[in-house]
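Colleague: A single structure is presented below for examination.
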Amino acid sequence: MVTSLSSTPMFRTEEGLGRWPYRGKVAAVGIGHAPTLRRWDGDPQTSVGAWAILAIRKAIEDAGVPPGDVDMIVLDRETSTGSHWPQGEPVPEDFLAAFEQTDDLQDGLSKLSPEWLLKNMPELTNVKYVMEAPVCMSMVLTAAIEAVGRGTSTTCIAVKGWHNFPGRYYQGGTNATDTIDNPGKYGLAWAGPASYSTAMQFERYMHKYDKSHDMMAPFIVNSRNNGLKLPEGYWAQHRPLPITVDDYLNSRWICEPANLLDNDMPIHTAGAYLITTAERAQDLKQKPVYVLGHAGAGEVHGDVYTGVRSRGIIETLEEAERSAAATGRKLYEASGVSAKDIQFENAYDGFTLFHVFHLEGFGFAGVKQGEALDFFQTDISISGPNPVSPSGGNIGGGRTRFWMHTDSIQQIQRRAGARQMSIEAEIGLSGGFMPFWSNFIVWSSSPNP
Amino acid sequence: MSSSRALFLVSFDIDGTLETGDPPGPFTIETARHAKSLGFLVGSSSDRTILEQETMWRNAGFDFDFVCRKHEMEFLVSRFECDRYVHIGDTNHDRDCAIGAGFEFEFTDSIFERNPMSPWMI
């Protein structure tokens with residue numbers, strides 16, 4: 001019998017919790033990625049469900065564990081933020097014929113439930129627990145790590161799928177209605193594109209610290225360059241061309257000061273990780289990458305886990321900065337390391353501009369608030385002393401919110417290929433979502449550095 | 001017709017318009033070649049980067065006259081002296097950029113249905 005557990009208790013959202021009690025006792029040992037597409041091509045075998053299965057199988061194989069050892073799955077049921085199945089459109093018969101279904105025929109097509117996965121992965125004979133975490137892989141992976149730390153699981157799969165149907169993104173759902181109810185009527189109805197709040201924050205950032213948008217260019221160029229060295233990523237697979245400074249400086253505004261290249265591009269894919277105990281990890285195929293700690297921004301009220309609520313309709317720059325700085329303090333408290341120990345950072349970059357807030361919040365490479373853009377003018381490449389976003393992030397790999405975790409693990413395992421950084425990658429951090437709602441992980445090549 | 005000036009400048013959006021786009025559109029590279037054989041100036045105006053557009057045309061073996069960022073089409077008007085400037089695209093954004101730059105605009109689907117090979121020769 002499979003028991004469903006809540007992920008809400010898994011997250012460290014408060015300061016003062018002390019060292020993470022499972023420091024060095026949990027490790028990542030397997031990575032699995034499906035191919036990428038810009039949009040689903042209609043083939044049942046490339047549906048988000050099919051590709052989640054593929055990613056899980058690859059992670060299991062990468063780790064070298066028997067599938068029957070997997071005792072827990074953690075996932076995010078949602079597989080898109082803005083691509084909707086057309087209303088009234090029937091689910092394709094060939095998709096229904098290709099897979100075992102749950103009561104929801106959209107399962108495996110525009111969403112992903114643990115039940116659907118278990119129905120279609122008969123090799124997972126020993127799963128005892130399933131858990132759903134919101135938003136993205138950073139929450140999913142953190143919950144999986146905590147579950148293994150607590151002893152709930154010894155061999156845990158963390159999986160996230162992203163579907164992207166033909167048609168325009170963010171054009172359906174609420175945006176397609178004539179009216180908006182719920183709190184969105186105070187913000188969404190007026191604001192516009194998804195990057196609006198980040199753009200607004202960055203506008204103030206430029207004013208506050210006397211910086212310019214142009215100063216972001218090296219970060220974007222660096223991210224795409226790194227992404228082109230990520231064979232699992234979309235750009236490397238389908239459109240392997242770099243972004244130039246000229247491209248970035250002349251890109252059209254989506255929501256000034258966020259331009260087209262500050263916004264990530266939705267793709268269709270899935271990714272999975274296998275997390276286990278440090279003890280178990282010693283006998284597996286890949287070099288273990290230990291978790292020293294995790295923490296993030298968020299609020300827990302009962303069993304409800306949300307982002308940090310802003311005072312107004314939209315989070316201000318100062319609120320974003322406070323959240324990011326608090327996350328940095330919490331993460332270092334949990335992991336028992338400090339900023340100077342972090343050799344690389346793989347913070348989320350879905351809207352490139354808030355990567356600045358994350359980086360400053362962590363004090364990476366000694367960067368303080370207001371200094372990140374100056375820092376971008378230095379060597380932030382994988383060849384330099386302070387690799388920034390060595391994964392390339394979403395800008396380099398397409399919109400998944402998980403390339404940063406893959407790269408962090410691969411860097412420490414020395415299997416990042418062309419992306420392997422010049423410095424010895426021993427300790428790094430990865431995570432996301434946005435400053436107001438996040439989970440970050442500190443990874444290490446040894447359990448007790 | 002003046003031997004030194006093309007009558008038409010035709011700008012194609014790529015994704016959703018040309019067969020080389022993602023999603024592929026209905027207009028083929030042969031359409032572009034046919035237009036060029038008529039003496040038109042032919043290229044693309046897209047959200048894809050300049051290098052991506054140039055690479056696309058080169059990979060298709062087509063000798064393009066220009067590539068342009070979609071929101072900078074007014075530069076084509078100042079660069080090429082033509083009788084008519086036409087942009088073909090599949091979104092309202094294409095329309096807005098084209099009209100804002102002083103172009104005529106045709107939606108991909110509607111013009112393709114009328115005449116797939118020479119849609120601008122009305």
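Each reported figure results from applying straightforward, stated rules to the coordinates on display, with no laboratory input. Not measured: the values here are computed from a predicted model. With ideal geometry, Cβ positions are generated from the backbone for all residues, glycine too; neighbour counts draw on all protein chains shown.
Colleague: Which whole-number percent gives the relative contact order of the range B:27-114, counting Cα pairs below 8 Å spaced six or more residues apart?
Modeller: Relative contact order for the range B:27-114 comes out at 22 percent.
Colleague: Another one. How many percent of all Cα-Cα pairs in the protein assembly as shown sit more than 35 Å apart? Intermediate values should be presented prior to the final figure.
Modeller: Numbers: 63654 of 162735 pairs.
Above the 35 Å cut-off, the protein assembly as shown has 39 percent of its Cα pairs.
Colleague: Tell me, what is the percent relative contact order of chain A, built from C-alpha pairs under 8 Å that lie six or more residues apart? Mind dumping the intermediate values first?
Modeller: Values: 1047 pairs, mean separation 107.0, N = 449.
Reported relative contact order: 24 percent.
Colleague: By how many nm would the segment from A:VAL2 to A:VAL245 lengthen if fully extended, with 0.36 nm per residue of separation less the alpha-carbon distance?
Modeller: 82.3 nm
Colleague: Quick one: Kirkwood hydrodynamic radius for the range A:138-271, alpha-carbon pairs, angstrom, one decimal?
Modeller: Roughly 18.3 Å, rounded to one decimal.
Colleague: Right, another one. Check the straight Cα-Cα distances from A:LYS285 and name the lysines below 22 Å, setting aside those fewer than 8 residues away within the same chain.
Modeller: Candidates past the 8-residue exclusion: A:LYS25, A:LYS58.
Colleague: Would you list which lysines come within 17 Å of A:LYS340, measuring only between C-alpha atoms, while excluding same-chain residues fewer than 8 positions from it?
Modeller: A:LYS330, A:LYS368
Colleague: Between A:ILE275, A:THR125, A:ALA176, whose Cα lies farthest towards the positive end of the dipole of chain A when Lys and Arg beta carbons carry +1 and Asp and Glu beta carbons carry -1, centred on the Cα centre?
Modeller: Of the listed residues, the answer is A:ILE275.
Colleague: Taking the Cβ-Cβ separation of A:GLU100 and B:LEU7 as r and a Förster radius of 56 Å, what is the calculated FRET efficiency to the nearest 0.05? Provide the component values of the computation, followed by the final result.
Modeller: Numbers: r = 61 Å, r/R0 = 1.09.
The value I calculate is 0.35.
Colleague: Between B:ARG58 and A:VAL91, what FRET efficiency comes out of the Förster formula 1/(1 + (r/R0)^6) with R0 = 51 Å and r the beta carbon distance, rounded to 0.05?
Modeller: Working from the Cβ atoms, E equals 0.80.
Colleague: Return A:TYR209, A:TYR234 ranked ascending by Cβ neighbour count within 10 Å, so the fewest neighbours appear first. Walk me through the numbers before you get to the answer.
Modeller: Details: A:TYR209 16, A:TYR234 25.
Least to most surrounded, the residues fall as A:TYR209, A:TYR234.
Colleague: Using +1 on the beta carbon of Lys and Arg, -1 on that of Asp and Glu, and nothing else charged, what's the dipole of the protein assembly as shown about the Cα centre, debye to 20?
Modeller: 1300 debye
Colleague: How far apart, in nanometres, would the label points at A:ASP210 and B:ARG114 be if each is projected 7 angstrom from Cα along the Cα-to-Cβ direction?
Modeller: According to this spin-label approximation, the distance is 5.7 nm.
Colleague: Within the P(r) computed for the range A:272-352, what percentage of the Cα pairs occupies the region above 20 Å?
Modeller: 53 percent
Colleague: Mind checking which aspartates and glutamates have their C-alpha under 13 Å from B:LYS36, skipping anything on the same chain fewer than 8 residues away?
Modeller: Once the sequence-local aspartates and glutamates are set aside, what remains near B:LYS36 is B:ASP63, B:ASP65.
Colleague: Then there is this: Suppose only helical runs count, i.e. DSSP H with n ≥ 4. What mean residue ellipticity at 222 nm does that imply for the protein assembly as shown under -39500 (n - 2.57) per run, divided by all residues and rounded to the nearest 500 deg cm²/dmol?
Modeller: -9000 deg cm²/dmol
Colleague: Using only alpha carbon pairs under 8 Å that are at least six residues apart, calculate the relative contact order of the range A:25-112 and give it in whole percent.
Modeller: 37 percent
Colleague: Oh, and also: So what are the three principal axis dimensions of the range B:27-114 from its Cα atoms, in whole Å, longest to shortest?
Modeller: 31, 30, 25
Colleague: Given 0.36 nm per residue, what is the gain on full extension from A:GLN377 to A:ARG309 after removing their alpha carbon distance, in nm?
Modeller: Result: 21.1 nm gained on full extension.
Colleague: Write down the percent of antiparallel bridges among all DSSP beta bridges whose residues are both part of the protein assembly as shown, to the nearest 5.
Modeller: 50 percent
Colleague: Over all directions, average the projected area of the Cα convex hull of the range A:221-345 and note it in nm². Don't skip to the answer; put the middle values down first.
Modeller: Details: hull surface 48.8 nm².
Reported value for the Cα convex hull: 12.2 nm².
Colleague: What's the local net charge at B:CYS68, with K and R +1, D and E -1, over the other residues with C-beta under 10 Å away?
Modeller: +1
Colleague: When Lys and Arg each count +1 and Asp and Glu each count -1, what net charge do the other residues less than 11 Å away from A:GLY417, Cβ to Cβ, add up to?
Modeller: Neighbour charge sum, excluding A:GLY417 itself: +2.
Colleague: Something else about it: Can you pull out the GluC sites (Glu not before Pro) in the range A:251-330 that DSSP calls coil and that have at most 12 other Cβ atoms within 10 Å?
Modeller: none
Colleague: Assuming a viscosity of 1.567 mPa s and a temperature of 4 °C, what translational diffusion coefficient in µm² per second does Stokes-Einstein assign to the range A:26-73, Rh being the Kirkwood radius over Cα pairs?
Modeller: Estimated diffusion coefficient is 110 µm²/s.
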